[in-house]
Structure formats: C-alpha cells, structure tokens
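Peer 1: Shown below is the structure under consideration.
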Amino acid sequence: MRIQSASTITHPIDVVYDTYRNKLSETAAYMPDIREIVCESREEREGGATIHNVWISSAEMPRGINKIVRPEHLRWDDYAEWNDVERTVDWRIQVRVFAEAVTCGGTNRFIAKGDGATELVLDGDLQIDLDKVRGIPSMLGRRIKPRIESFIIGLVTPNLVKVNACLQQYLDENAS
C-alpha cells in the first residue's frame with residue numbers, strides 16, 4: 001500500500017526541518033492517538049543524523065484483535081537517516097506485532113517555498129504478508145488477515161500523514 005502525502009507548513013524550512021529532526025517527541029502532545037515518542041538512540045554524523053524513535057500509541061484495539069495484540073504491541077520503532085544537505089529523511093518503521101510480516105519505509109522531503117513556507121512530502125510503502133507469521137494456521141490467517149491488516153494500517157498510516165498537521169500546530173504555538 002502506497003503512503004503519500006504533501007503538506008505545506010507555514011514556517012521556514014530551517015525551522016520545520018530542525019523541529020521534525022530534533023523535537024519530534026515534543027509534537028506527540030499534538031497527536032490524538034499518540035501517547036509518547038521516545039528517542040531510543042541518536043548518532044550525529046557529518047551531514048546528518050541516525051535516530052531511533054519509539055512511537056507509543058494510545059489507540060483502542062478492535063474487538064477480536066485484543067486476544068492476539070497486547071498493549072505492548074501498540075508501539076513501533078522508527079529508524080531514520082537524516083540528510084541535512086538534501087533536507088530529506090529516509091525512514092523505516094518496524095511494528096512490534098507480526099514484525100516479520102510487516103515492512104514499512106519511505107522518504108520525507110522538505111522543500112523551501114518562496115513565501116517562507118515549507119512543503120513536506122512523504123512517500124512510503126506499507127506491506128503486510130501474514131503468510132510469514134509462524135503459528136497462525138492458514139485458515140485462521142485468511143479469516144483474520146483483513147482485521148489485522150486494517151488494524152496495522154490504521155495504527156501507523158494516519159500518524160505518518162497527521163504528523164505534518166501536528167507539526168504545523170506545534171510550530172504555530174512554539175516557534176519564536
């Protein structure tokens with residue numbers, strides 16, 4: 001499944017890029033179904049940074065899924081390679097439930113607009129292959145696959161897209 005969005009944030013690219021790269025955890029308060037974003041590791045390097053954040057969701061699990069998915073699964077690892085020269089970030093998401101069956105990754109591009117605003121373009125892909133999950137009989141897998149796919153896509157995708165709107169709100173209230 002393709003994940004794409006483009007948003008204009010009405011703040012200069014330096015401010016938007018720096019906030020997204022260095023203050024993402026502070027924007028969690030603006031995201032309705034994210035409890036917290038925790039920086040697990042960060043390595044500054046010439047021309048960028050490598051950052052590992054953990055997103056912790058406060059979303060409710062749908063009935064039927066809560067027997068398979070535990071509360072500790074409502075988090076995912078966000079691995080990001082920041083390129084300060086290109087003003088891009090290559091990211092990869094690793095979910096905690098059915099991790100072997102889910103691949104998700106992409107690139108965000110930050111583009112300066114002539115009016116002091118920034119266009120933030122997200123281009124990614126999310127794939128779920130329940131055949132890779134050991135221990136789930138194929139008949140059961142076929143029956144629950146739509147629910148699990150819907151749950152994982154509903155958990156991760158909206159946050160990837162919503163983060164831009166939340167970043168706008170955060171900057172409106174906190175940019176100096």
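Peer 1: How far apart, in nm, are the 7 Å Cα→Cβ label points at residue 173 and residue 46?
Peer 2: Roughly 4.0 nm, to one decimal.
Peer 1: With a Förster radius of 30 Å, plug the Cβ-Cβ distance of residue 125 and residue 54 into 1/(1 + (r/R0)^6) and report the FRET value to the nearest 0.05.
Peer 2: Working: r = 21 Å, r/R0 = 0.71.
Once the sixth-power term is evaluated, E becomes 0.90.
Peer 1: Using packing as a proxy for protection, rank 84-92, 101-109 so that the peptide with the highest average count of other Cβ atoms within 10 Å comes first.
Peer 2: With the highest mean Cβ count within 10 Å placed first, the list reads 101-109, 84-92.
Peer 1: List 128, 144 from most exposed to least, where exposure is judged by having the fewest other Cβ atoms within 10 Å. Let's see the in-between values first.
Peer 2: Values: 128 21, 144 17.
Placing the least packed residue first, the sequence is 144, 128.
Peer 1: So, R0 is 35 Å and r is the distance between the beta-carbons of residue 115 and residue 143; what FRET efficiency does that work out to, to 0.05?
Peer 2: On the way: r = 52 Å, r/R0 = 1.48.
The computed FRET efficiency comes out at 0.10.
Every number in this text was worked out from the coordinates using simple rules, so none of it is lab data. As the structure is a prediction and not an experimental result, all values here were calculated from the model. For neighbour counting, all protein chains shown are included, and Cβ atoms are generated from backbone atoms with ideal geometry for every residue, glycine included.
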